[in-house]
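Written below as structure tokens is the structure these notes are about.
The values are calculated or read from the model by the stated rules, or taken from the named source; none is laboratory data. Values in this document were obtained by computation on a predicted structure and should not be read as measured data. Here the Cβ is made from the backbone with ideal geometry for all residues, glycine too, and neighbour counts use every protein chain on show. Surface areas here come from the heavy atoms of the whole protein model, side chains and all, with no ligands, DNA or RNA. Shrake-Rupley method; radii C 1.70, N 1.55, O 1.52, S 1.80 Å.
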Amino acid sequence: LLIFVGPHSMPSPIEKFFESIWGYIPIKAGVAYEQLSAVVLHILNSGTVQHDARLRGEFSKTLYQIDALQESCGNTLMAEAKDYSVRGEKVGRGDLQKLGGALPDLPGVDSGVFFSATGYTLPAKKYASAASDIAGKTIELIELRPTIAADENGFIQTIVLNLHIAVPLPDKATWTPVF
């Protein structure tokens, strides 16, 4: 018997991927994708990354929940992460506008990045490309998702090496393959 605890009944493909790495699925939906996004943010830019950060807005005094906050080389970046794979929807302009609205209220944050497991609608892409004019800070879009068969088209799938090696004293030989 398999029982899922929390607000969702079936894990998303992202949550299944998360489970294959860490051996569990977080109880709250979306947390697995947020944590994976934070890891990718660290790999892409180094620096320190904090998942589920809290920052208070300078003007609104609103306490913002930030999926990932990264500080690197004197710059601070906030990230939002949405896994809509269960719904089968792309991230829309409204999600981007929420991030764009928070950026000017957070003077210590230099830019934003938005992670999506399902891609972006055209209006969302247009908003992100105009974010520096609208919000005064840039928003980068990243699609972070499991690969699909179409992703492999045009890429090397397998490398086969057939080696025939002659060694004078094979019983005393030592092998150290280096690739």
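Annotations
- Considering residues of the range 51-62 that are assigned to a loop (DSSP other than H, G, I, E, B) and either in contact with a strand residue (DSSP E or B) (Cβ under 8 Å, 6 or more places away or on another chain) or of a type outside the set (F, W, Y) (or both) only, the residue most open to solvent (accessible area, probe 1.4 Å): K61
- Applying the condition of being over 15 Å from A130 (Cα atoms) and in contact with a Ser or Thr (Cβ under 8 Å, 6 or more places away or on another chain) to the range 104-118 and asking which residue is most open to solvent (accessible area, probe 1.4 Å) yields D110.
Matching residues to (1) part of a helix (DSSP H, G or I); (2) more than 23 Å from S37 (Cβ to Cβ); (3) of a type outside the set (S, T, Y):
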{"residue": "A79", "(1), (2), (3)": "no, no, yes"}
{"residue": "S85", "(1), (2), (3)": "no, no, no"}
{"residue": "V109", "(1), (2), (3)": "no, no, yes"}
{"residue": "T118", "(1), (2), (3)": "no, no, no"}
{"residue": "P123", "(1), (2), (3)": "yes, no, yes"}
{"residue": "P146", "(1), (2), (3)": "no, no, yes"}
{"residue": "A150", "(1), (2), (3)": "yes, no, yes"}
{"residue": "I156", "(1), (2), (3)": "no, yes, yes"}
{"residue": "A166", "(1), (2), (3)": "no, yes, yes"}
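- Any hit, the range 122-133, residues being touching a helix residue (DSSP H, G or I) at 6+ places or on another chain (Cβ under 8 Å), among the charged types (D, E, K, R) and buried (at least 18 other Cβ atoms within 10 Å of the Cβ): no
- Residue match in the range 84-107 (condition: over 18 Å from Q65 (Cβ atoms), among the polar types (S, T, N, Q) and in contact with a Lys or Arg (Cβ under 8 Å, 6 or more places away or on another chain)): yes
- T48 meets the conditions (1) β-branched (V, I, T); (2) open to solvent by 70 Å² or more (accessible area, probe 1.4 Å); (3) under 24 Å from R145 (Cβ atoms) in every case but one. The failed one is (3).
- Looking only at the range 1-50, and only at residues there that are aromatic (F, W, Y) and part of a loop (DSSP other than H, G, I, E, B), the one that is modelled with the highest pLDDT: Y24
- Among the candidates L55, L63, residue that is among the hydrophobic types (A, V, I, L, M, F, W, C), closer than 16 Å to L103 by Cα and without any contact (Cβ under 8 Å) to a residue 12 or more places away in the chain: L63
- Within the range 63-103, considering residues that are surrounded by fewer than 14 Cβ atoms within 10 Å (Cβ to Cβ) and polar (S, T, N, Q), the one modelled with the lowest pLDDT: N75
- In this entry, D171 passes the filter for residues that are over 25 Å from the mean Cα position of the chain (by Cα), charged (D, E, K, R) and either surrounded by 10 or more Cβ atoms within 10 Å (Cβ to Cβ) or assigned to a helix (DSSP H, G or I) (or both).
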